[in-house]
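Quick notes on the structure that follows.
The values are calculated or read from the model by the stated rules, or taken from the named source; none is laboratory data. Values in this document were obtained by computation on a predicted structure and should not be read as measured data. All Cβ positions, even for glycine, are placed from backbone atoms using ideal geometry, and neighbour counts span all protein chains on display. For the accessible areas, the whole protein counts, side chains as well, though only heavy atoms, and no ligand, DNA or RNA atoms are used. Shrake-Rupley method; radii C 1.70, N 1.55, O 1.52, S 1.80 Å.
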Amino acid sequence: MKRSIKLAVAAAVALSATSAFATNGDHLIGMGAKARGMGGIGIGMSHGAETALSNPALITSVKGTEVSFGGTVFMPDVETNVGLGQGSIKSDADLSVIPEVALASKASDNFWWGVGMYGVAGMGTDYRDAAAGVGNFNMMTNLQLMQFAVPLAYKADGFSFGIAPVLQYGSLDINYQTPMLLANGTNYSSTKGVAQDFGVGYNIGAAYEMDALTVGASYKSAIDMTYKGQISQAMFDFTGSLGSDDLEQPAEIGVGASYTMDGHTFAIDYKKIKWSDAKGYKDFKWEDQNVYIFGYQFAQDNWALRLGYNHASSPIKEQANPLVNTLNLLGFPAIVEDHYTVGASYAFSKMTSLDVAYVYADETTETFTGVTGATTTKHSQDAVSMQVNFNF
């Protein structure tokens, strides 16, 4: 049974080409085109079925049954200069597709349930075809995460409470060449293949609606993941000592609010992502992120327009250990900080609607002291999301 589940999940992940870049660390700024059009807003404002993982309490806005199918196309632009007179080298991991399927249904006057499959996070680079790989090690990294959730929510007198048990699938692949770095001076090529794992966790949320104001809060548990032979082997090849293969998705806590007046909705969310407590990430010295999200929506009749801004300082800071700096900037450069978003919706009928969103992440540049000296990475992103909704 477990093998069948793993094969099914792997087939879904295969929709993602090369790597799934994310934005707040390795997290998507939001799941669903409505949320992404508003910078990732989803804790204090409901977007129907797609809010199951942002705040499961908010699926209570669904009046009957809502089904959403969609996805996000990521186009990251990453280039690194490792010195040694090689110049800047672009990563070939420049396109990926992340799917989303969500369902929410009102079972009674007070109870709602749902089912969802979401691509939630990922990161990676691809320098396998780069010439003169002494400094970049012809490195290829690819982390992908998908979550399956069953949100359950209860609402009474304007107060909503929701919980979503979460099953997470993850895959990690790290490949590189390390000439002259091993003690015996031989050229070692790592070809370990993809490591996979499942983990379980939960999301809980609450919301309160009064007139035009909605306030909400959410908590996401940490999810422990282990990728056998990946991180430990990389640590050994570069340093001669074994490390842990754990790479835990961090806990996250957030609050949000939205206010609607004459078709205008103003919303704000705040999230704290606990990278410094997560296994694996704390070994690479990632710092906690404070995420600030501002969103605006104007809705009228059968259409809506959205704007958003999302800011979170990079969790990656320069360390005294050049190995950590090299692996962070070359293999997992999650340094993007500012995101500007636009979105729109159009309802073709009472049953069918379409959502679209565009996200632009401005270029961020970091220079750390790496294994070969000064290492500089530049990273920017474009992303397009589209989603079709059916209401019954």
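General remarks:
- Single match in SER345, SER349 (criterion: open to solvent by 10 Å² or more (accessible area, probe 1.4 Å), more than 30 Å from GLN177 (Cβ to Cβ) and not in a strand (DSSP E or B)): SER349
- Residue in the stretch 323-331 that is open to solvent by 30 Å² or more (accessible area, probe 1.4 Å) and out of contact with any Pro (no Cβ under 9 Å at 6 or more places or on another chain) present: no
- Residue ID - nearest to the chain's Cα centre (by Cα), chosen from residues in the stretch 265-289 that are in a strand (DSSP E or B) and farther than 17 Å from SER221 by Cα: ASP269
- Residue satisfying condition, being touching a residue at least 40 places away in the same chain (Cβ under 8 Å), touching a strand residue (DSSP E or B) at 6+ places or on another chain (Cβ under 9 Å) and not in a strand (DSSP E or B), within set ALA104, ALA93: ALA93
- Among the residues of this structure, ASP237 does not count as one that is within 25 Å of MET38 (Cβ to Cβ), at pLDDT below 95 and of a type in the set (D, E, K, R).
- Among the residues of the stretch 138-168, those identified as open to solvent by 30 Å² or more (accessible area, probe 1.4 Å), modelled with pLDDT of 95 or more, more than 30 Å from TYR227 (Cβ to Cβ) and of a type outside the set (A, V, I, L, M) are TYR154, LYS155, PHE159, PHE161.
- Restricting attention to the stretch 369-392, the residues being of a type outside the set (A, V, I, L, M), touching a helix residue (DSSP H, G or I) at 6+ places or on another chain (Cβ under 6 Å) and either outside any strand (DSSP E or B) or open to solvent by 60 Å² or more (accessible area, probe 1.4 Å) (or both) number 1.
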